[in-house]
1. For A:A131, state whether it is among the small types (G, A, S) and within 19 Å of the chain's Cα centre (by Cα).
2. Looking at segment A:1-44, which of its residues are within 13 Å of chain B (Cβ to nearest Cβ) and polar (S, T, N, Q)?
3. Could you please find all residues in segment B:61-92 being touching a Lys or Arg at 6+ places or on another chain (Cβ under 9 Å) and among the basic types (K, R)?
4. Mind checking which residues of segment B:122-157 are surrounded by fewer than 19 Cβ atoms within 10 Å (Cβ to Cβ), at pLDDT below 95 and under 18 Å from the mean Cα position of the chain (by Cα)?
5. Quick check: is even one residue across segment A:80-98 of a type outside the set (K, R), surrounded by fewer than 18 Cβ atoms within 10 Å (Cβ to Cβ) and within 16 Å of A:A34 (Cα to Cα)?
6. Check off (1) within 13 Å of chain A (Cβ to nearest Cβ); (2) in a helix (DSSP H, G or I); (3) not acidic (D, E) for B:A61 and give me the number that stays unchecked.
7. Restricting attention to segment B:72-88, report how many residues are crowded, with 22+ Cβ neighbours inside 10 Å and either more than 14 Å from chain A (Cβ to nearest Cβ) or free of Cβ contacts under 8 Å to residues at least 12 places away in the same chain (or both).
8. Working carefully through the options A:R118, A:R85, A:R122, A:R93, find the one that is basic (K, R), more than 14 Å from A:M1 (Cα to Cα) and over 18 Å from the mean Cα position of the chain (by Cα).
Amino acid sequence: MDPHIRAALDRQLTGDARRWLVDAVVRVSQDLTAVRTVFPAVGRRCGRGPLAAGWTVADAARVRLLAALPLRGAELAEEITALHRYGEPAEQRAVLRSLALLEDADPSFAGLGLPLVREALRGNDTDLIAAALGPYAARHLDQDGYRQAVLKCVFCEIPLDRVAGLDERADRELARMLADFAHERVAAGRDIPADVWPIVRAHAGVLEASGLPAEADSPVPDRRAAAVRALTAYSATAPAGAS
Amino acid sequence: MRIFDPHIHMTSRTTDDYEAMYAAGVRAVVEPSFWLGQPRTSVDSFTDYFDALLGWEPYRAAQFGIQHRCTIALNPKEANDPRCAAVLDVLPRYLAKDRVVAVGEIGYDSMTPEEDEALARQLALAVEFELPVLVHTPHRDKAVGTRRTLDVVRESGIPPERVLVDHLNELTVGLVADSGCWMGFSVYPDTKMSEDRMVRILQEHGTGRKLVNSAADWGRSDPLKTRKTADAMLAGGFDDDAVDEVMWRNPVAFYGQSGRLDLEEVKPDDTALFAGNSIRRGGE
């Protein structure tokens with residue numbers, strides 16, 4: 001866990017909550033089934049308020065519990081998959097947020113959490129989609145899966161700064177997909193989220209190839225106006241990686 | 001007037017019902033898990049149902065300004081099916097959830113050995129999870145079934161004040177009053193209990209430890225029976241405070257023993273989402 005989040009959790013837990021969590025970590029590390037009833041109870045025991053970087057107190061406390069599981073590899077994957085299956089959205093979010101940490105501590109966990117990431121990406125819960133797209137997804141999703149995930153975020157209006165690994169993984173094909181998306185929006189007379197432009201701008205010729213610039217000459221006033229707004233925003237954007 | 005319906009199966013009801021209930025004063029409900037009118041054949045159907053009681057249904061209720069909590073259990077009728085009995089093994093995961101305020105409905109249907117086993121195990125779970133229990137009394141042979149239920153409850157060691165014995169009538173109320181358990185009454189359009197009979201029971205036995213519910217479900221039933229009983233109480237000489245005790249403070253006190261009731265007013269809001277989905281229909 002990010003040391004910043006760990007410190008924020010320690011700062012924010014009340015005396016009772018801290019004692020409960022310390023005891024819960026011991027129980028979870030000693031009794032293989034304890035986590036199944038301790039994990040759902042975290043919100044009411046530790047609090048659900050915001051912590052830092054979009055995490056809640058309960059998220060961080062739950063991730064601490066998962067890190068204490070005395071399991072590795074496939075057994076660890078099986079336990080957290082069941083917690084996710086029986087979990088409410090807040091529990092599922094914490095499982096997704098734990099994946100990178102679990103792999104850091106146990107390389108044999110490797111890609112075994114990927115089905116949970118894919119399930120979140122198939123759903124419509126923007127909170128879970130954002131939680132799924134942390135460093136673990138950036139390491140393990142294949143190129144197609146990663147591009148589709150970014151495009152889904154744009155459709156669901158999830159800010160792209162919540163997506164890990166964009167600097168390394170955004171490629172020309174993703175830029176092409178985003179430019180085509182922008183063109184489609186302009187053709188509908190609609191606006192485009194500003195965070196797609198740095199990626200499009202980083203790949204010369206992609207915008208031109210999308211057909212968007214020609215919309216500035218459209219006979220339909222809405223399309224023309226949307227194109228002018230889009231081209232202005234594009235020109236004002238620094239390409240990704242240039243800053 | 002504020003009303004807490006302590007037993008209603010909203011999964012089987014429409015959004016019109018939610019609207020009418022809110023207009024009648026209903027602000028909180030507890031939905032016990034029960035059977036669906038048609039037998040389930042696998043554990044997975046139960047867990048999907050439990051997930052809906054914890055997810056989609058509270059979301060739906062909140063859109064209409066009503067707070068929704070549930071009770072989780074393997075009901076006695078389906079406890080007799082060996083394909084479903086393994087539900088008992090997954091119950092602990094669900095009994096740990098925030099919105100679960102009791103174990104229930106448990107109890108007897110036909111008083112079989114399988115029902116004995118399910119009842120005893122779930123009473124033990126209630127003790128372990130420090131939760132109240134909602135106990136259903138059988139429709140057939142009710143007096144004998146109620147007596148036997150109370151014996152099993154006593155043997156389990158759960159404190160009687162954490163037990164609500166439901167679907168009572170003139171002939172079973174006395175037994176339960178003497179046991180120290182809470183007393184529930186399901187007011188139905190034709191059967192079980194009517195508003196006027198309910199008022200007479202309250203006049204005779206007092207309002208303490210009494211809860212009134214509609215038990216409305218997919219069968220012929222009326223989600224406004226709580227309000228109609230409250231009106232009958234006022235017409236029968238009870239004051240506003242007595243109505244508030246039966247219709248609000250008693251259910252809050254009973255389920256509050258879970259330590260998880262945590263009621264907060266919700267305003268009707270049809271723009272919120274659950275898991276990215278809404279109760280709106282296309283074009284809105």
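1. yes
2. Result: A:T33, A:T37.
3. Of everything in segment B:61-92, those that are touching a Lys or Arg at 6+ places or on another chain (Cβ under 9 Å) and among the basic types (K, R) turn out to be B:R69, B:R83.
4. Within segment B:122-157, B:H139 is the sole residue that qualifies.
5. Looking for residues that are of a type outside the set (K, R), surrounded by fewer than 18 Cβ atoms within 10 Å (Cβ to Cβ) and within 16 Å of A:A34 (Cα to Cα), one finds at least one in segment A:80-98, hence yes.
6. (1) is the only condition that B:A61 fails.
7. Matching residues across segment B:72-88 total 7.
8. Going through A:R118, A:R85, A:R122, A:R93 in turn, the sole match is A:R85.
The values are calculated or read from the model by the stated rules, or taken from the named source; none is laboratory data. Only a predicted model underlies this, so the values are computations on that prediction, with no experimental measurement involved. No Cβ is skipped: glycine too gets one built from the backbone with ideal geometry, and neighbour counts run over all protein chains shown.
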